Amino acid sequence: MMDDALHLGNVRFTNRLFTGTGKFAANAQIPKMLAASGSQMITVALRRIDTSARQENILAFIPKEVTLLPNTSGARTAEQAVRIARIAREAGCGDFIKIEVITDMKYLMPDNWETLKATEILAKEGFFVLPYVLPDLPLAKRLENAGAAAVMPLGAPIGTNRGLETKPLLELLIENCTVPIVVDAGIGRPSQAAAAMEMGADAVLVNTAIATAADPEAMGRAFDLAVKAGRAAYLAEMAEESALARASSPLTGFLDA
Amino acid sequence: MSIFSTIEQYQGFDFDRFFAGVTDAAIERALTKEKPGPMDFLTLLSPRAASHLEAMAHKAHQLTVQYFGRTIQMFIPLYISNHCTNHCAYCGFNHNNPILRRKLDLAEIEAEARAIARTGMQHVLFLTGEAHHLTPMDYLVDAARLLKRYFASVAIEVYPLAVEEYRQLQEVGVDGMTLFQETYNQEVYKRVHPAGKKRDYHWRLGAPERAAQGGMRVVNIGPLLGLAEPRSEIFFTGLHALYLENSFMETEVAVSLPRFNEAEGDFQPDYLVDDKTFVQFMTALRIFLPRAGLTISTRESAAFRDRILPLGATRYSAGSSTGVGGYSDLKVEQTPQFEITDDRSVEEVAAAIVAHGYQPVYKDWDRIE
């Protein structure tokens, strides 16, 4: 069987579900969710990392074999994102960085322009940069040229659970980009994660839907199965949907006889 | 354009008549709309909507979990001065109250900061009364700079400032601003603020937007429930928050719902908000403003705070002292600005939050120099 691993940065991922650390009722749920989902990459906001001895450190809940994807949540400019990335690296969080620059606190839309600027700088510094953006093909190509390790377009506004509202735009990215496409934000149900993978997304990042489920561990497992099913369907080259009915016994077959 | 022009549009609006016309069908519509507008919000604030409280609570809970998860941001207030030139009829720091006045010097603020830091708190809100000559900008800047060495997030609740002054504080590390309008009703405002700089309704009303312009990341507003008719007060608070969200997309907006409590002096509020109405206000605000922070202070009792955790709250103060010098052993007379009802320690509040299935978050901000 062919090797279906996803290569990102210097890591080989055999699981295509990326997860997050936000919104859990207790940090102790995180390692259980990771074990149940098999997720090998998890994102954490640098601003949430508390290294003071007084309170629990969120990093202590992430097993060593899971790759850390620190994110720049809270940054309003490229400059701030760059500084957060450097601090994350110095703090021992590795070379991966999810660029998240949000200047709109109402809808939490990523600022594509600032994100591109930060990506250009950080890729040159040797980071594996995963920029979180609105799905915009020309921008995605620029990110690729700037050295992004992957592009992470949103499916729907963050935290909304509305699924793949940007589907036609995501398709363009999937078809035309050479770097992996990771659908991030908006995925609220396992079926939506499966749909993203069927389309040919290389991975999905799911946080809210897992963290806020009544049973995050079981929901992590459900997403893992959905991502695997969607990926398997993509690899099996699903039949296209068709607007026209096709009888399984062709009506004009006799003409070729 | 400022929030005042929005408020003016409702001058002479007959709230009672509107409430009398609210039907169950209108309430159900307001509850199922994806984007409820101001009139839907007002519908949910109507006396009739009290009979739909359970449905409102479910919707508020679902929205809060969706946008904030099962987390509560923790913060602690630090009073650094109780000098005040205002005569707010309801306040323990009222200029006319014969209390011991005290302004902490930097060494004392540092002692307080050390004591607070030992509790694990990382987000601090520092407060003063309004006394420009005694607690001028230089003093606020020095205090902010000092506190920034001890805390991940430093916010202010001081007298209204100019844009440039907010910016000055932002530059030394202040990331949040809290200021309550107390009442949006101009007549009542005049009556309860008979003297002092606070008499200027407009200067105070414009302060949250000036703070946003000055670069504050979080702006927290609120009415003091009990001064004027509370349903209309919450309505204007919601409109004010919406105005700030729409005008300053980079700013996170939060709302507090302080209600009367015995402060020093003998002030009798004209209106009392009971628990059921309080919950109706909270849930209506959450439904109208799904992404706004909702701050619940220690004015509320421990038992009540525990019960309302899932109904829309996102920020809790804990371990609070509302007197000057209350954390370290400064032996200052402890005349509080208002009475604290939830007097549990930080640890006890955190344990209660955990016991109710929520995560107390101590640190959710870092200033990147």
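Considering only the stretch A:149-199, how many residues are out of contact with any strand residue (DSSP E or B) (no Cβ under 8 Å at 6 or more places or on another chain) and either in a loop (DSSP other than H, G, I, E, B) or closer than 20 Å to A:Ser73 by Cβ (or both)? Let's see the steps before the verdict.
At the first step, the residues of the stretch A:149-199 found to be out of contact with any strand residue (DSSP E or B) (no Cβ under 8 Å at 6 or more places or on another chain) are A:156-163, A:165, A:167-168, A:171-172, A:175-176, A:178, A:188-192, A:194-195, A:198-199.
Then keep just the ones that are either in a loop (DSSP other than H, G, I, E, B) or closer than 20 Å to A:Ser73 by Cβ (or both); that gives A:156-163, A:165, A:178, A:188-189.
Residues flagged as out of contact with any strand residue (DSSP E or B) (no Cβ under 8 Å at 6 or more places or on another chain) and either in a loop (DSSP other than H, G, I, E, B) or closer than 20 Å to A:Ser73 by Cβ (or both) within the stretch A:149-199 amount to 12.
Among the residues of the stretch B:24-53 satisfying the criterion of being touching a residue at least 24 places away in the same chain (Cβ under 8 Å) and part of a loop (DSSP other than H, G, I, E, B), which is nearest to B:Pro310 (Cα to Cα)?
Residue satisfying both the conditions and the ranking: B:Leu45.
When B:Gln66 is evaluated against the numbered criteria (1) over 20 Å from the mean Cα position of the chain (by Cα); (2) crowded, with 23+ Cβ neighbours inside 10 Å, which criterion, by number, is the only one it fails?
If we test B:Gln66 against (1) over 20 Å from the mean Cα position of the chain (by Cα); (2) crowded, with 23+ Cβ neighbours inside 10 Å, just (2) comes out false.
Kindly check whether there is at least one residue in the stretch A:162-170 that is on the phi > 0 side of the Ramachandran plot and surrounded by 21 or more Cβ atoms within 10 Å (Cβ to Cβ). Full working, then the answer.
Restricting attention to the stretch A:162-170, the residues satisfying the condition of being on the phi > 0 side of the Ramachandran plot are A:163.
Cutting the leftovers down to surrounded by 21 or more Cβ atoms within 10 Å (Cβ to Cβ) gives us none.
No, the conditions are met nowhere in the stretch A:162-170.
Just to be sure, is B:His95 away from chain A (no Cβ under 14 Å) and either crowded, with 17+ Cβ neighbours inside 10 Å or over 18 Å from B:Gly323 (Cα atoms) (or both)?
On the way: away from chain A (no Cβ under 14 Å): yes; either crowded, with 17+ Cβ neighbours inside 10 Å or over 18 Å from B:Gly323 (Cα atoms) (or both): yes.
Yes.
Quick one: B:Val253 ticks every box in (1) within 30 Å of B:Thr64 (Cα to Cα); (2) touching a residue at least 60 places away in the same chain (Cβ under 8 Å); (3) buried (at least 22 other Cβ atoms within 10 Å of the Cβ) except a single one, so which number is it?
So the condition that B:Val253 fails would be (2).
In the stretch B:325-339, how many are under 27 Å from B:Ile72 (Cβ atoms) and at pLDDT 80 or above?
Total satisfying the criteria: 3.
Which is assigned to a loop (DSSP other than H, G, I, E, B), closer than 29 Å to B:Ile109 by Cβ and away from chain A (no Cβ under 14 Å), of B:Gly319, B:Gly323? Before the answer, list the steps.
On the way: B:Gly319 fails: away from chain A (no Cβ under 14 Å).
Result: B:Gly323 is the single residue among B:Gly319, B:Gly323 that is assigned to a loop (DSSP other than H, G, I, E, B), closer than 29 Å to B:Ile109 by Cβ and away from chain A (no Cβ under 14 Å).
Look at B:Arg199 and say whether it is out of contact with any Asp or Glu (no Cβ under 6 Å at 6 or more places or on another chain), surrounded by fewer than 23 Cβ atoms within 10 Å (Cβ to Cβ) and within 20 Å of B:Phe126 (Cβ to Cβ). Outline the logic, then answer.
Numbers: out of contact with any Asp or Glu (no Cβ under 6 Å at 6 or more places or on another chain): yes; surrounded by fewer than 23 Cβ atoms within 10 Å (Cβ to Cβ): yes; within 20 Å of B:Phe126 (Cβ to Cβ): no.
No: the conditions fail for B:Arg199.
Within the bounds of the stretch B:343-353, is there any residue that is within 21 Å of B:Ile116 (Cβ to Cβ), in a loop (DSSP other than H, G, I, E, B) and charged (D, E, K, R)?
Of the residues in the stretch B:343-353, the ones within 21 Å of B:Ile116 (Cβ to Cβ) are B:343-353.
Those still in the list that are in a loop (DSSP other than H, G, I, E, B) too: B:343-345.
Checking which are charged (D, E, K, R) leaves us with B:343-344.
Yes; the residues of the stretch B:343-353 include at least one that is within 21 Å of B:Ile116 (Cβ to Cβ), in a loop (DSSP other than H, G, I, E, B) and charged (D, E, K, R).
Which residue, of B:Asn246, B:Asn261, is part of a helix (DSSP H, G or I) and either more than 14 Å from chain A (Cβ to nearest Cβ) or modelled with pLDDT under 95 (or both)?
Numbers: B:Asn261 fails: part of a helix (DSSP H, G or I).
The unique qualifying residue is B:Asn246.
Restricting to the stretch B:184-227, what's the tally of residues that are charged (D, E, K, R) and within 12 Å of B:Asn86 (Cβ to Cβ)? I'd like the intermediate steps shown before the answer.
Initial filter on the stretch B:184-227 (charged (D, E, K, R)): B:187, B:190-191, B:197-200, B:204, B:209-210, B:217.
Retained after the next criterion (residues that are within 12 Å of B:Asn86 (Cβ to Cβ)): B:197-200, B:204.
Residues meeting the conditions: 5.
Residues checked against (1) buried (at least 22 other Cβ atoms within 10 Å of the Cβ); (2) more than 17 Å from A:Phe223 (Cβ to Cβ); (3) of a type outside the set (A, V, I, L, M); (4) in contact with a Cys (Cβ under 9 Å, 6 or more places away or on another chain):
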| residue | (1), (2), (3), (4) |
| --- | --- |
| A:Lys141 | no, yes, yes, yes |
| A:Met152 | yes, no, no, no |
| A:Val183 | yes, no, no, no |
| A:Arg189 | no, no, yes, no |
| A:Gly200 | no, yes, yes, no |
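Which one of these does B:Ala302 not meet: (1) surrounded by fewer than 20 Cβ atoms within 10 Å (Cβ to Cβ); (2) farther than 30 Å from B:Ile99 by Cα; (3) in contact (Cβ under 8 Å) with a residue 12 or more places away in the chain?
Here B:Ala302 meets the rest and fails (2).
Every residue, every condition in (1) in contact with a strand residue (DSSP E or B) (Cβ under 9 Å, 6 or more places away or on another chain); (2) within 28 Å of B:Ala351 (Cα to Cα), yes or no:
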position	(1), (2)
B:Arg17	no, no
B:Thr23	no, no
B:Arg29	no, no
B:Met56	no, yes
B:Tyr67	no, yes
B:Met74	yes, yes
B:Tyr79	yes, yes
B:Cys88	yes, no
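The values are calculated or read from the model by the stated rules, or taken from the named source; none is laboratory data. Small disclaimer: the values here were computed from a predicted structure and weren't measured. Note that each Cβ is placed from the backbone with ideal geometry, even for glycine, and that neighbours are counted across all protein chains shown.
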